[in-house]
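> Quick one: this structure, given as structure tokens, is what I'll be asking you about.
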Amino acid sequence: MVQLVLALAGAQSLAAWRVFGANSRISMSSNQRPFSRSPESFECRQADEAQPNLGRLGSKRLSVTFLLLLGAAVGVCLMTAYARPPSQPDHGPQAQQRSGKRPLPELPPVPTDAPMAIRWEKGPWWGGKRPERPSVSITNPGSQTIILGAAAAAMPEFLIVQDLDLAAPMTDPLTLVLVKAGTDHPLHVLDSCTVRTNTTLRVDNAALHVDGTFRVGGKLDLGRGRVAANSELLVGESAGAPALVNVSGGTLTVTNSRHNARLIIGLGGRGDFCLNGGTVEADSLQITNNANNRLIFKSGTVKVQSLVVANHAPITIGDGIHPARLHLVGGTNFISSLLTISSNATLTGSGTIYGPVANYGTVVAGQPGERLTFASMPPGYSSAVTNWGRMYMTNGGVLSFQGTACNNVVQPITEMTKTSAGFTFKLVSVGGFTHTLEYKNAPSDATWIPLASTNGSGEIVSLTDPAPTDNPRYYHIRLGP
């Protein structure tokens with residue numbers, strides 16, 4: 001009975017123990033009543049008043065002390081047992097180790113502006129897991145984020161489809177976002193891929209390969225990763241709202257082993273192609289129809305074998321602030337209006353360019369065997385090169401001007417020296433231009449008399465008057481193609 005009372009009132013027992021001092025004893029009342037929970041049954045007496053019962057009271061005090069401590073421990077155990085949720089029983093460490101499960105593959109980070117994500121292999125377009133290569137058509141309205149995650153990468157049957165078609169009503173735009181951790185496992189479309197009006201295909205840290213025709217009537221947005229088309233990429237489906245390809249990073253390639261893949265802007269409708277970082281490589285890049293179809297080249301790199309600008313609108317390389325580079329790979333290039341190389345932009349490589357060019361940046365043939373030729377071919381593609389920037393040749397590269405060429409940059413004379421060999425001028429040259437030293441004996445003379453000439457490379461060149469006289473002479477340096 002005493003143990004039960006102490007177990008149920010362990011806290012009270014500990015408080016009661018503090019009542020008795022070192023010189024106090026516990027005894028029953030004078031009428032020797034049985035032990036009771038009533039506080040009146042306890043009395044404190046001095047040691048000299050209970051001296052005859054010292055031995056018995058000492059053993060009784062030890063028994064009560066033991067019971068008090070035991071009751072406190074039992075009370076703590078009971079409270080701990082009642083505090084544990086019944087749905088989480090403690091099975092011990094061995095049972096916890098046996099119940100461990102492998103975690104599911106982690107999903108890669110999703111862009112903050114993307115809608116709720118679902119796994120590619122779990123999408124309703126599959127209709128359950130199928131071994132064949134389906135033609136995937138996503139037409140339901142609203143935005144979706146499709147994740148090419150670790151699960152899909154481990155199951156190649158979910159990464160090869162026959163066709164991919166995005167379509168949505170005009171009132172409900174559709175966005176398909178391809179996201180995965182890395183670009184080692186691309187989504188491979190064996191035939192056609194179509195992004196229709198009012199739909200967006202966004203590739204962010206993923207990869208998409210299209211073997212057949214890739215048509216963009218809505219928007220293709222490449223942020224990171226890569227997009228590859230082995231046949232042709234057509235930008236522009238209708239004459240209404242323009243289609244848009246926006247490359248702000250990663251790599252977009254339109255090429256094959258036969259080097260006849262085409263990237264066409266404006267075929268069949270209106271289209272814009274905006275490059276603001278990243279790299280675009282194509283066997284042929286064509287801008288067709290009218291001036292509404294544009295290549296907006298702000299920064300990044302374009303590498304093409306053939307560039308055809310047939311929309312009779314100007315094309316500008318670079319925004320004048322960020323680095324931009326147009327690299328030609330040995331083909332024939334037609335410019336119907338004006339090709340402008342802005343400051344901080346560069347035209348490199350080799351090939352033949354028909355049409356007018358204005359350079360405010362850099363034009364360079366800088367590798368062995370590279371030759372940039374600016375030629376004229378009627379009708380409508382006359383060659384006229386005007387330079388306000390830098391043009392140079394190095395490492396065996398050649399700049400050749402077959403049409404007209406005009407330099408508007410003052411070429412500073414860095415040194416003038418008179419020796420027994422003559423009067424020598426040193427100046428910074430213009431690559432591909434002929435530099436001719438001419439003189440007059442008097443400013444009123446009608447003609448300049450040539451003395452010496454050299455072909456400029458963009459570096460410092462020397463020109464010498466081999467037989468100067470003691471009489472005054474007036475010199476100038478004429479540049480021409």
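> Pull up region 199-218, narrow it to residues that are in a strand (DSSP E or B) and of a type in the set (D, E, K, R), then point me to the one that is modelled with the highest pLDDT.
Restricting to residues being in a strand (DSSP E or B) and of a type in the set (D, E, K, R), the top hit is R215.
> For region 428-458, give me the residue count where each residue is in contact with a Phe, Trp or Tyr (Cβ under 7 Å, 6 or more places away or on another chain) and of a type outside the set (F, W, Y).
Counting residues in region 428-458 that are in contact with a Phe, Trp or Tyr (Cβ under 7 Å, 6 or more places away or on another chain) and of a type outside the set (F, W, Y) gives 11.
> Could you grab the pairs with beta carbons closer than 9 Å, sequence gap of 6+ or different chains, first residue in region 158-186 and over 13 Å from A207 (Cα atoms) and assigned by TED's automatic domain parsing to the domain that holds G123, second one modelled with pLDDT under 80 and charged (D, E, K, R)?
F158/K129; Q162/E132
> Among (1) crowded, with 21+ Cβ neighbours inside 10 Å; (2) among the hydrophobic types (A, V, I, L, M, F, W, C); (3) over 21 Å from L285 (Cβ atoms), there is one condition C193 misses while meeting the rest; what is its number?
(3)
> Taking region 144-198 on its own, how many of its residues are assigned to a strand (DSSP E or B) and not charged (D, E, K, R)?
Count: 20.
> Related question: Search region 412-430 for residues being loosely packed, with under 13 Cβ neighbours inside 10 Å and within 47 Å of the chain's Cα centre (by Cα), and hand back the single one that is farthest from L399 (Cα to Cα).
T414
> OK, next. Among the numbered criteria (1) under 20 Å from T348 (Cα atoms); (2) under 16 Å from the mean Cα position of the chain (by Cα), which single criterion is violated by G249?
Here G249 meets the rest and fails (1).
> Filter region 392-411 for residues that are surrounded by fewer than 20 Cβ atoms within 10 Å (Cβ to Cβ), closer than 28 Å to R473 by Cβ and of a type in the set (A, V, I, L, M, F, W, C); which is nearest to the chain's Cα centre (by Cα)?
Step by step, filter region 392-411, then rank; the result is V409.
> Right, here's the next one. Any residue in region 271-283 that is over 21 Å from the mean Cα position of the chain (by Cα), buried (at least 20 other Cβ atoms within 10 Å of the Cβ), touching a residue at least 12 places away in the same chain (Cβ under 8 Å) and over 19 Å from G389 (Cβ atoms)?
Within region 271-283 (the criterion being over 21 Å from the mean Cα position of the chain (by Cα), buried (at least 20 other Cβ atoms within 10 Å of the Cβ), touching a residue at least 12 places away in the same chain (Cβ under 8 Å) and over 19 Å from G389 (Cβ atoms)), the answer is yes, since at least one residue qualifies.
> The conditions are (1) touching a Lys or Arg at 6+ places or on another chain (Cβ under 6 Å); (2) in contact (Cβ under 8 Å) with a residue 24 or more places away in the chain, and S400 fails exactly one of them. Which is it?
(1)
The values are calculated or read from the model by the stated rules, or taken from the named source; none is laboratory data. None of these values were measured; they are calculated from a predicted model. In this analysis, Cβ positions are derived from the backbone assuming ideal geometry, glycine residues included, and neighbour counts consider all displayed protein chains.
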